[in-house]
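The values are calculated or read from the model by the stated rules, or taken from the named source; none is laboratory data. These figures come from a predicted structure and were not determined experimentally. Note: ideal-geometry Cβ built from the backbone for every residue, glycine included; neighbour counts use all protein chains shown.
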Amino acid sequence: NGGEAKNPDESFHVVRDDKPTDLAVMIRGDVNNRGPVVPRRFLQVLCDGEPTPFQDGSGRRELAESIASTDNPLTARVIVNRVWGQYFGSPLVSTASNFGALGQRPTHPELLDDLAARFMENGWSLKWLHREIVMSATYQQSSQADAAKVAADPANQWLARMPRRRLSVESWRDAVLSAGGSLSDVIGGQSVDPTAIDAKSDAGQRRTVYSEVSRFQLHPLLAMFDFPDPNAHSGGRVETTTPLQKL
């Protein structure tokens, strides 16, 4: 941008001490208002009893191992629930970002438990999970159903038929390019402008998964079609219908 380089002494950097120590709680985030010292350990609210303090360095590696441990099935349940919601439009636990006491109960608790357990048994393989779902009889159902099934389950909570879903902006854009025979199958590379038209490159024909996403200014095309705010995690996308989408 033509600006001068910063003085290295003023740059942000991370320093790891030789002997990591436990830190005090900063009350309300105020560094000048310190509470009790808390040992490095897993979250107590997710443990049965008192969690064992971490002993190895900063505890970051032990924390990561605890999150992805088979002794912590919550992680697997959250992953399975979100992947299921991507395929069926509604996750098994409707409050995908809240598995706590204030969240909703799963509509199919045995299914969630079974998928989570086998997901861990298969090495936490997302490829296995995707295959297990798309090869199921439930996923391969028709979205059409007879009057009796519709009357018995009008909201399709029990999945007697495949839910009808609108395409996400990524799937919709890729489908348009594919129908026109211009969708690029190039794998990898730099991010691209999803509306770019460049005769010298295939930037405008790249799959939308390669679209640039800025947390400071979301691309108007993505924002118009309900792409979530990249500054926060999203348990699900809202669905809107506006005149701008038609234009």
*All but one of (1) touching a helix residue (DSSP H, G or I) at 6+ places or on another chain (Cβ under 9 Å); (2) more than 22 Å from GLY235 (Cβ to Cβ) hold for TRP84; which doesn't?*
(2)
*Taking helices (runs of 4 or more DSSP H) that do not extend beyond region 66-179, which have at least 1 residues that are assigned by TED's automatic domain parsing to the domain that holds THR208?*
169-179
*Only residues that are free of Cβ contacts under 8 Å to residues at least 12 places away in the same chain, out of contact with any helix residue (DSSP H, G or I) (no Cβ under 8 Å at 6 or more places or on another chain) and closer than 20 Å to LEU222 by Cβ: list them for region 151-170, please.*
none
*Taking the residues in region 187-226 that are in a loop (DSSP other than H, G, I, E, B) and touching a His at 6+ places or on another chain (Cβ under 8 Å) as candidates, determine which candidate is nearest to ALA96 (Cα to Cα).*
VAL213
*Quick one: would you say SER58 is touching a residue at least 24 places away in the same chain (Cβ under 8 Å), part of a helix (DSSP H, G or I) and either among the polar types (S, T, N, Q) or more than 21 Å from ALA116 (Cα to Cα) (or both)?*
no
*Is at least one residue of region 131-150 in contact (Cβ under 8 Å) with a residue 40 or more places away in the chain and closer than 20 Å to THR75 by Cβ?*
yes
*Among the residues of region 156-168, is any among the small types (Gly, Ala, Ser) and within 24 Å of the chain's Cα centre (by Cα)?*
yes
